[in-house]
Amino acid sequence: MKKLLVLLFSLFLLSSPSVFADDISDFQIEGISIGDSLLDYMTEDEILEEIERNKNDYSYLKEPNKYAEVYLWKDLTTYDSISIFIENKSANQYVTNKNEEFTIVTLRGMISYNEDYESCIQKRDEISEVLSGMFVNLEMKKQSKSHEADPSGNSKMEGFTLFFPSGDSIQTYCNDWEETFRIKHNLSEGLSVILYSEEVLDWILTI
């Protein structure tokens, strides 16, 4: 049975107080899980439009187009928006199974805290504390770094990563963009809760 991973008011809720999960496919954000087909939530035209719109978002990575990111805003109950990563197969004429083509490999829920970084940190710490209590045998690391997308080095990310034996992870972090950079690129800053598959995490760390 899937476990429900949501932010609701000041609580971090799962469908069971005792959780034993080998990897992050056992969790959901807004009813969506890794391994689902994105076609269950969007049309193919909507997906392709999003891929095109976001195609330059990871230009700073070594393989910027290995995965594609798609955003959802409609019909959300907990998060302001969610983003979904799929393998970038949309131009591959040899992929005949549409569900396979649009398989979700990483999932992120976001809540905006523009100009309110302290509130973001407070919510992040609440979530991380509950996660660490649920998975006492798993490693959790606190991490802080400058965001690679901002060459000035003045945009930061601070958060926690919970590592699963499978290589998957759950991240909870707050990002604080340098204000000029944020406005120029029309970025939102705040809290992210991410279900990272191992392959996408490896990709996003390769600069």
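Is it fair to say Leu107 is of a type in the set (A, V, I, L, M), in contact with a Phe, Trp or Tyr (Cβ under 7 Å, 6 or more places away or on another chain) and either within 23 Å of Asn54 (Cβ to Cβ) or in contact (Cβ under 8 Å) with a residue 12 or more places away in the chain (or both)? So Leu107 does not fit the description; no. Filter the stretch 22-38 down to the residues that are surrounded by fewer than 19 Cβ atoms within 10 Å (Cβ to Cβ), in contact with a helix residue (DSSP H, G or I) (Cβ under 6 Å, 6 or more places away or on another chain) and not hydroxyl-bearing (Ser, Thr, Tyr) and list them by number. Residue satisfying the conditions is Gly35 alone.
Considering the stretch 151-181, and only residues there that are within 19 Å of the chain's Cα centre (by Cα) and charged (D, E, K, R), the residue that is surrounded by the fewest Cβ atoms within 10 Å (Cβ to Cβ) turns out to be Glu158. Where strands (runs of 3 or more DSSP E) fall wholly inside the stretch 43-148, the ranges with 2 or more residues that are surrounded by fewer than 17 Cβ atoms within 10 Å (Cβ to Cβ) are 140-146. Taking the stretch 155-181, which residues are in contact (Cβ under 8 Å) with a residue 24 or more places away in the chain, closer than 18 Å to Glu118 by Cβ and outside any strand (DSSP E or B)? Correct list: Ser155, Trp177, Glu178.
Bear in mind these aren't lab numbers, they're just calculated from the coordinates by the rules spelled out. Just so you know, these numbers come straight off a predicted model, no measurement behind them. Methodologically, a virtual Cβ is constructed for each residue, glycine included, from the backbone with ideal geometry; neighbour enumeration extends over all protein chains shown.
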